[in-house]
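Just below is one structure, and these are the notes that go with it.
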Amino acid sequence: MKVVIDEDKCVAAGQCVAAAHQVFDQREEDGIVVLLDENPPAELADDVRQAASVCPALAITIEE
């Protein structure tokens, strides 16, 4: 699994962090998503998929 984010689409809602805080964080100054691990371990796959599905801006793409 590879995670790709589009910072230009991000609206700083923070749903990704709530779903998978081991993989996503937010910048302090504006709340835009920060990708902590573009190739997360298999045990986090469900959380990462959940994060992508709840992103209101569709800023997270997963490549299997």
*Got a number for residues in region 21-51 being without any contact (Cβ under 8 Å) to a residue 24 or more places away in the chain, among the hydrophobic types (A, V, I, L, M, F, W, C) and open to solvent by less than 60 Å² (accessible area, probe 1.4 Å)?*
1
*Among the candidates A18, A13, single out the residue that is free of Cβ contacts under 8 Å to residues at least 40 places away in the same chain, among the hydrophobic types (A, V, I, L, M, F, W, C) and open to solvent by 30 Å² or more (accessible area, probe 1.4 Å).*
A18
*Taking only region 5-22 into account, find how many residues are assigned to a loop (DSSP other than H, G, I, E, B) and under 8 Å from the mean Cα position of the chain (by Cα).*
1
*Within region 1-38, track down each residue that is among the polar types (S, T, N, Q) and over 16 Å from A57 (Cα atoms).*
Q22
_Options D37, D25; residue that is outside any strand (DSSP E or B) and either modelled with pLDDT of 95 or more or within 16 Å of E64 (Cβ to Cβ) (or both)_ = D37
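The values are calculated or read from the model by the stated rules, or taken from the named source; none is laboratory data. Note that this is a predicted model, so its numbers are computed, not measured. So basically every Cβ, Gly included, is an ideal-geometry build from the backbone, and we count neighbours across all protein chains shown. With ligands, DNA and RNA removed, areas are computed over all heavy atoms of the protein, side chains included. Shrake-Rupley method; radii C 1.70, N 1.55, O 1.52, S 1.80 Å.
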